[in-house]
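The values are calculated or read from the model by the stated rules, or taken from the named source; none is laboratory data. Just so it is clear, the model here is predicted, and its values are computed rather than measured. We place every Cβ from the backbone using ideal geometry, glycine too, and count neighbours over all the protein chains shown.
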Amino acid sequence: MWNTGKIVLGTIVGLLVIVVFTFFGKYNSMVAMEESVNAAWSQVENQYQRRLDLIPNIVSSVKGEANFEKSTLEAVVNARASATKMNVNVNDAKEMAEFQNQQQGISQALSRLLMVTENYPNLKANQAFADLRVSLEGTENRISTERMRYNESVQQFNTYIRLFPNNVVSGMFGFAKKNLFESDKGANTAPKVDFTN
């Protein structure tokens, strides 16, 4: 009888040890994955900051052109100023959407600026401006890459915390779903090309 009691007690203790180690393993995995999301977000911010740092140099290069459209320059400067004021919490969908809108505003203002510069041969021939333009294009590519990596980390994290029994652990410790970058407005519509003119 005593041996049967030891076996039952040993089995219960063994099961409890397995449950505790599984529980802590799940928790530690969530912490590691959340840190990966945070690191990916930092890389996104680094690339956006790189773009913001290029803007004053681009604006200075363009200002030298006497007839350059003042409203175009102001749009770029105002978009940059607005974006630098914002801190974003990736857990807050509203803040994330606002951050995306701010960054899209900068992208649109820069696109207009670069399109208008095509009308100024002196700017097109200016090597410093050409170098800045290449740096900006490279930064835009890096932004796209880092956003993709961030979304991959978030998707992996969000899936992991929602699976059973992980959802129990994530609920107990407040691991919340992270927000993804959405595609820019109008990105799902192909541009209209008209060769008739």
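Tabulated data
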{"read-out": "Qualifying residue in segment 109-131 (condition: part of a helix (DSSP H, G or I), closer than 20 Å to R50 by Cβ and charged (D, E, K, R))", "value": "yes"}
{"read-out": "Residue count, segment 167-187 (criterion: modelled with pLDDT of 90 or more and either in contact with a strand residue (DSSP E or B) (Cβ under 8 Å, 6 or more places away or on another chain) or not hydroxyl-bearing (S, T, Y) (or both))", "value": "13"}
{"read-out": "Residue among N38, N89, N28 that is over 17 Å from T117 (Cβ atoms) and in contact with a helix residue (DSSP H, G or I) (Cβ under 8 Å, 6 or more places away or on another chain)", "value": "N89"}
{"read-out": "Within segment 12-28, tally of residues that are touching a residue at least 40 places away in the same chain (Cβ under 8 Å) and closer than 30 Å to R147 by Cβ", "value": "2"}
{"read-out": "Qualifying residue in segment 88-110 (condition: surrounded by fewer than 11 Cβ atoms within 10 Å (Cβ to Cβ), charged (D, E, K, R) and modelled with pLDDT under 90)", "value": "no"}
{"read-out": "Qualifying positions in segment 54-108 - assigned to a helix (DSSP H, G or I) and of a type in the set (F, W, Y)", "value": "F99"}
{"read-out": "Members of segment 162-187 found to be under 20 Å from N28 (Cα atoms) and either under 20 Å from the mean Cα position of the chain (by Cα) or not in a helix (DSSP H, G or I) (or both), listed by number", "value": "L163, F164, P165, G174, F175, A176, K177, K178"}
{"read-out": "Residue within segment 29-43 that is touching a residue at least 24 places away in the same chain (Cβ under 8 Å), within 20 Å of S135 (Cα to Cα) and part of a helix (DSSP H, G or I) present", "value": "yes"}
